[in-house]
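The values are calculated or read from the model by the stated rules, or taken from the named source; none is laboratory data. What you are looking at is a predicted structure, and each value in this text was computed from that prediction instead of being measured. Neighbour counts run over all protein chains shown; Cβ positions are idealised from the backbone, glycine included. We work out accessible area using only protein heavy atoms, side chains counted, and drop any ligands, DNA or RNA first. Shrake-Rupley method; radii C 1.70, N 1.55, O 1.52, S 1.80 Å.
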Amino acid sequence: MRFVAFAFKNLFRRPVRTGLTVLAIALAVAVAVSLIGFNIGYRRSIDTSIDKLGFQVMIMAKGCPYEAATMMLKGGTGLVYLPASTYDQVRSDPDISAITPIFVGVAEKEASGISGESGSSFAIISGIEVQSFIDMKPWMTMSEGAGYKGGRWFGDDSTGEVVLGFEVAEYEQRKVGDAYFVTITPYGQVEPVMTELKVVGVLERTGTQDDGTVFMPIKEARRLFNRPSELTIVGFKLKNFSGLALRQFEQRWAKLPEVQVVGLQQVKTTLVSLVETAQTMIASVAVVAIIVAVIGVINSILMSVFERTGEIGIMKAIGATRSDIFQIIWLETMAICLGGGVAGVLLALSGTSLVEKAIQSLIDFGTKGTMVAITPEVMLVALLGSAVAGCFAGLYPAWRAASMRPVEAIREGE
Amino acid sequence: MNNKNPGSDKAIVVARGLKKHYRRGIETIKALDGVDLEIHAGEMVSILGPSGSGKTTLINLLSCLDAPDAGELQIDGRSVAGLAEEDLVKVRQGILGYVFQKFHLLPTLTVAENVELPLMFLQRPVDREKTLGVLRMVDLENRAGHLPRELSGGQMQRVAIARALIADSKLIIADEPTGNLDKGNGEAVFALFRRLVLEKNLAIIVTTHNLALGALADRVITLEDGRIIDERVNRLV
Ligand SMILES: Nc1ncnc2c1ncn2[C@@H]1O[C@H](COP(=O)(O)OP(=O)(O)O)[C@@H](O)[C@H]1O
Ligand SMILES: [Mg+2]
C-alpha cells in the first residue's frame, strides 16, 4: 500500500498512453455492463408484463407462441379467432380456478375532435367480460385524476360505453363523459363503420399493455366486428399450477381443433431466448473487446517497464526488493484497470438509452420502455471484474520488472 | 555473525581475491582478476583506471548489486559471497548509498521526494525536516520542491548524493559521478565527498578516470585489466 501514490505518479508520466488504455477498458466494461443490465432489466420487464396479464395459461388459435406472446404484450395485428364455444367447453374443466374470455380487435381510429389531425392510427379494442376480467387483475382501478372522477366499469350488456387505458385517455385527451370514436370494418364487409362511444371510465396506469387498450363489453365488441360467436383468447388460472398440471390440462384439451394451450412461463422463455440470440452476438463482441483491452493494458505496462529499465535498476540499487518492484508495477496495472472499470460503469449509466435503442433496432423484443437495469450488483461485478482483470494483466509485466537484474538494468539505462 | 578481521575493526568493506569473469563467445574476459581491498569509516578511496579496466565491475560487487565469481567480500562485517539477490538487497538497505554517473532521478518526483525515495523501500517514515537537512548538506535546500528537469547537471548529482545520504548510509559508492559534469561541478562533488567523510565519518568509494580528481581522495587505487596495479595514500590536510 505504501506504493500507491508512487504508482499513480508513474501513470501520469504518459497521460495520453494511460488515458487511451483506460478508455479501452472503459469501453469494454461499458458494453459488458449495459449488456448485463439489459439482460436483467429485460427479464424483469417481461416478468412484470406477463405477471400483469393476471393469468398463467391461455388458450388461443394455433400459431407460434412468440406471436401469441407479443400479441398479448403489445397488442397485435393478424389476429386469429376461436369459436366462442371453446370458452364454454373449457370453463367446465375441474382444475380451473378462474377464467375469462377476451375478444381482441383492431380499430382504425380516425383522429377526430380536438386534435384535428388528419390521417389515422390504430386502437386496440379488448372485448371483456367485466367481472371475470377484473377478478384476474385485481390491481386495476379507475383513475380518480382530474376529469376522470366518477369512472366506472360498463355492464356486460351495455352498449356504447368504453373504459380507456391510461395512456389512451392521455394521448387522446379524453375525460370521463367524453365521446370516443372508433372506425371498424365489420367482418365480411368492405366499408368501415364509424361508431360513437362514450367514455365511462379511465383506468389507473398499470405499466402494461392495458394502458394502451380500449375496453368494451365482449358482446359489443363481437357485434362491432361482426364476429358474433368468436373470441381471441381464453385466459385462466389453474388451481394448483405446475408444469405437470399444465401438461395434463393440455392433454385433456388437445382434442379441440386449431387451438393451443400456452403457459406464460413458456412465453417468458420464448421471449427471453429470442433476445438471447442478439445478446450472444453483443456478448461475444464484449468479450473480444475485454480481451483486446486487457492485452492493451499488458502491452502498455510492458512498454513502460522497458522504458524504465534504468529507473527500475536504480530503485533496486537504492534498496527496492523484488517484491517492491513487483508491487509498484502491479499497482499501476490495477489502477488502469480499476480506473477503466469505474469509467466504464459511468459510461454505461449515461449511455444506457443508446444501447437500448441499438438492441431494440436489432430485434423487436416484445415489451417497451426503458429496461436496462444497471443495478448496484452489476456495478459491483463490473468493478470486481476489472480488478480481477487488473490482477492478471499485471502479473507478467510486474514479474518482468521484478526480475530485472540491477546491474544490467543500470547498464541498459545508461 | 562476527567475522571481523583483527586490526581492521572499523573496516566497512573487506574484499579478498575478488574475481568476476565474463564470457563473450569463446573468449573469457577477466573483468576482475583477484582484487584485495579494505575500506574504513572516515576514508575516501578513489579508483582510477582507463575505460574497461574493471572499475564498474568492482563497484557493482562492492555495492552488492552483483555477486563475485570467486573471492571473499564482507560489508559491515557481513559476508556477502554467495548470497541471493533478495539477501543482497538486505545488506544494501540502510548501509549503502549509491550514486550513478547519470544521476537517475525520477522525473515525476520533486527533489525532496527523490531524496526520500529510499525511505519508501526501507519502510521508514519520511521526515521532511531531515530531508531538508540533508539537502542543506548538499546546498540545495531551496530546491526541495523543484522537479529534476529544472536543475542543472551538477545540482542533479548533488540531489543524487543527498538521496544516498538520507538513510544514514555508512558507505557511499559512486561510479563515475563526475563523468557527466564539467570541471567545476566535478570538483564540487569531490569537495562535497571530502566534507562528508570528515563531518559524518562516512566511507566513500568513488571511481573516475580523471587523475586530478582522483588525487583528492585519501587513498588512490589504480586498476588495469582487472587488477590493482598501484595504490597510494595521500597526505591531505
Ligand atoms: N555484462 C558484461 N558482459 C560482458 N562483459 C562485460 C560485462 N560487463 C563488463 N564487461 C567487460 O568487463 C570489462 C570491465 O568493464 P567495466 O567494469 O565496465 O570497466 P570500467 O568501468 O573500468 O570502464 C570490460 O572489458 C567490459 O567490456
Ligand atoms: Mg565504468
Looking at (1) in contact with a strand residue (DSSP E or B) (Cβ under 6 Å, 6 or more places away or on another chain); (2) within 14 Å of chain A (Cβ to nearest Cβ); (3) open to solvent by 20 Å² or more (accessible area, probe 1.4 Å), find the lone condition where B:Arg219 falls short. (2)
Subset of the stretch B:193-216 [open to solvent by 10 Å² or more (accessible area, probe 1.4 Å) and either of a type in the set (Phe, Trp, Tyr) or closer than 14 Å to B:Gln157 by Cβ (or both)]: B:Leu213
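Which of the strands (runs of 3 or more DSSP E) contained wholly in the stretch A:146-243 include at least 1 residues that are within 30 Å of A:Pro94 (Cβ to Cβ) and basic (Lys, Arg)? If you could, list the steps in order and put the result at the bottom.
Numbers: elements: A:161-164, A:179-184, A:193-202, A:213-217, A:233-238.
Correct list: A:233-238.
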When A:Ile314 is run through (1) touching a residue at least 60 places away in the same chain (Cβ under 8 Å); (2) more than 14 Å from every other protein chain (Cβ to nearest Cβ); (3) part of a helix (DSSP H, G or I), the failure sits at (2)
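Determine which member of the set A:Ile25, A:Ile40 is over 30 Å from B:Pro107 (Cα atoms) and part of a helix (DSSP H, G or I).
On inspection, the qualifying residue turns out to be A:Ile40.
Conditions (1) more than 14 Å from chain A (Cβ to nearest Cβ); (2) more than 16 Å from ligand 1 (Cβ to nearest atom), marked per residue:
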residue	(1), (2)
B:Leu18	yes, no
B:His21	yes, no
B:Val35	yes, no
B:Ser46	yes, no
B:Pro50	yes, no
B:Ile59	no, no
B:Lys90	no, yes
Scope the stretch A:1-26; condition crowded, with 20+ Cβ neighbours inside 10 Å and away from every other protein chain (no Cβ under 14 Å); matching residues: A:Thr21, A:Val22, A:Ala24, A:Ile25, A:Ala26
Of all residues in the stretch B:96-118, how many are more than 9 Å from chain A (Cβ to nearest Cβ) and either surrounded by fewer than 20 Cβ atoms within 10 Å (Cβ to Cβ) or part of a helix (DSSP H, G or I) (or both)? 6
Limited to the stretch A:266-280, what total is found for residues that are in contact (Cβ under 8 Å) with a residue 24 or more places away in the chain and open to solvent by 40 Å² or more (accessible area, probe 1.4 Å)? 3
State whether the residues of the stretch B:120-140 include one that is at the interface with chain A (Cβ under 10 Å from one of its Cβ atoms), in contact with a strand residue (DSSP E or B) (Cβ under 8 Å, 6 or more places away or on another chain) and modelled with pLDDT of 90 or more. no
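Give me the helices (runs of 4 or more DSSP H) completely within the stretch A:320-414, filtered to those with at least 1 residues that are more than 24 Å from A:Val31 (Cα to Cα) and modelled with pLDDT under 90, ordered by residue number.
Because the criterion is at least 1 residues that are more than 24 Å from A:Val31 (Cα to Cα) and modelled with pLDDT under 90, the helices (runs of 4 or more DSSP H) in the stretch A:320-414 that meet it are A:406-413.
Would you mind stating whether A:Leu302 is away from chain B (no Cβ under 14 Å) and in contact with a Gly (Cβ under 9 Å, 6 or more places away or on another chain)?
Numbers: away from chain B (no Cβ under 14 Å): yes; in contact with a Gly (Cβ under 9 Å, 6 or more places away or on another chain): no.
It is false that A:Leu302 is away from chain B (no Cβ under 14 Å) and in contact with a Gly (Cβ under 9 Å, 6 or more places away or on another chain).
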For A:Asp135, the lone unmet condition from (1) over 21 Å from A:Ala61 (Cα atoms); (2) within 25 Å of the chain's Cα centre (by Cα); (3) not in a loop (DSSP other than H, G, I, E, B) is (2)
Among the residues of the stretch B:57-82, write down those that are touching a helix residue (DSSP H, G or I) at 6+ places or on another chain (Cβ under 8 Å), within 16 Å of ligand 2 (Cβ to nearest atom) and not aliphatic (A, V, I, L, M). B:Asn60, B:Ser63, B:Asp66
Expected output for the stretch A:286-302 (first residue on the phi < 0 side of the Ramachandran plot, partner among the basic types (Lys, Arg) and open to solvent by 90 Å² or more (accessible area, probe 1.4 Å), Cβ below 9 Å, 6+ apart or cross-chain) is A:Ser300/A:Arg14
So which pairs qualify, if the first residue must be in the stretch B:157-184 and at positive phi, the second must be open to solvent by 30 Å² or more (accessible area, probe 1.4 Å) and within 16 Å of ligand 2 (Cβ to nearest atom), the Cβ gap must be under 7 Å, and the two must be at least 6 apart or on different chains? B:Glu176/B:Gln101
Complete set of residues in the stretch B:154-190 that are hydroxyl-bearing (Ser, Thr, Tyr) and either more than 16 Å from the chain's Cα centre (by Cα) or more than 19 Å from B:His40 (Cα to Cα) (or both): B:Thr178
Looking only at residues that are of a type in the set (D, E, K, R) and either within 29 Å of the chain's Cα centre (by Cα) or more than 14 Å from every other protein chain (Cβ to nearest Cβ) (or both) in the stretch A:318-357, which one is surrounded by the most Cβ atoms within 10 Å (Cβ to Cβ)? A:Glu356
